[in-house]
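A.B. asks: Take a look at the following structure, please.
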Amino acid sequence: MYETIQTLHSYMGYVVLAVLFLAVANAILGLAQNKIFTLQKDLRLSLFALILSHIQLLIGLILYFVSPSGMNAIQEFGMGGLTSAARLLAVEHPFINIIAIVLITIGWSKHKKVMEAKTKFKRIAIFYGLGLLLIMSRIPWGQWLG
């Protein structure tokens, strides 16, 4: 079961990164070109990125608690005894990604409260962009790509 959840979390990570990147790029282009914020494209892309990132967080939390090494390493060695790779997986990756999802959620919530397209694009670009940067900063690239 653990391997299945880990594989799902890994492959879905590619999808989440791609959709978040598209949502941020769409918001930046919409802002730069003074486009109208449409429900068909802009709203759905942003909502899809929000939903996928939340699903990925849920899968990650399930993975964290069924992992044979996640909490066991912290309990066995303490925070000071973890290697940098173990600390990344046990502490930094989950914590920073939760913050990233919170930022994405705030961006979605803030964009809904305004009517002006420029402000909508700006809020999505900033909050989703910060979330994307945080997620990318804590991906265990060596394990993920290797």
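The values are calculated or read from the model by the stated rules, or taken from the named source; none is laboratory data. The structure displayed is predicted, hence computed values, not measured ones. Quick reminder, even Gly has a Cβ in these numbers, built from the backbone with ideal geometry, and neighbours come from all protein chains shown. Just so you know, the surface numbers come from the protein's heavy atoms only, side chains and all, with ligands and any DNA or RNA stripped out. Shrake-Rupley method; radii C 1.70, N 1.55, O 1.52, S 1.80 Å.
A.B. asks: Being among the polar types (S, T, N, Q) and either under 20 Å from Leu133 (Cα atoms) or without any contact (Cβ under 8 Å) to a residue 12 or more places away in the chain (or both) is the filter; apply it to the stretch 1-31 and report the residue that is most open to solvent (accessible area, probe 1.4 Å).
C.D. replies: Narrowing the stretch 1-31 to residues among the polar types (S, T, N, Q): 4, 6-7, 10, 26.
Restricting the remaining residues to those that are either under 20 Å from Leu133 (Cα atoms) or without any contact (Cβ under 8 Å) to a residue 12 or more places away in the chain (or both) gives 4, 7, 10, 26.
Numbers: Thr4: 98, Thr7: 67, Ser10: 33, Asn26: 20 Å².
Among those that are among the polar types (S, T, N, Q) and either under 20 Å from Leu133 (Cα atoms) or without any contact (Cβ under 8 Å) to a residue 12 or more places away in the chain (or both), it is Thr4.
A.B. asks: Name the single residue that is modelled with the lowest pLDDT among those in the stretch 71-105 being of a type in the set (D, E, K, R) and open to solvent by 80 Å² or more (accessible area, probe 1.4 Å). Don't jump to the end; show me each part of the working.
C.D. replies: Quick first cut of the stretch 71-105, residues of a type in the set (D, E, K, R) only: 76, 87, 92.
Restricting the remaining residues to those that are open to solvent by 80 Å² or more (accessible area, probe 1.4 Å) gives 76, 87.
Details: Glu76: 65, Arg87: 77.
Ranking the qualifying residues of the stretch 71-105, first place goes to Glu76.
A.B. asks: Same structure again: Of the numbered conditions (1) exposed (fewer than 12 other Cβ atoms within 10 Å of the Cβ); (2) modelled with pLDDT of 95 or more, Asn34 satisfies every one except a single condition; which is it?
C.D. replies: Result: Asn34 fails condition (2) only.
A.B. asks: Which pairs have Cβ atoms under 8 Å, sit 6 or more apart or on different chains, and link a residue in the stretch 78-106 that is of a type in the set (Lys, Arg) to one that is exposed (fewer than 14 other Cβ atoms within 10 Å of the Cβ)?
C.D. replies: That search, which allows pairs on different chains as well, returns Arg87/Met79.
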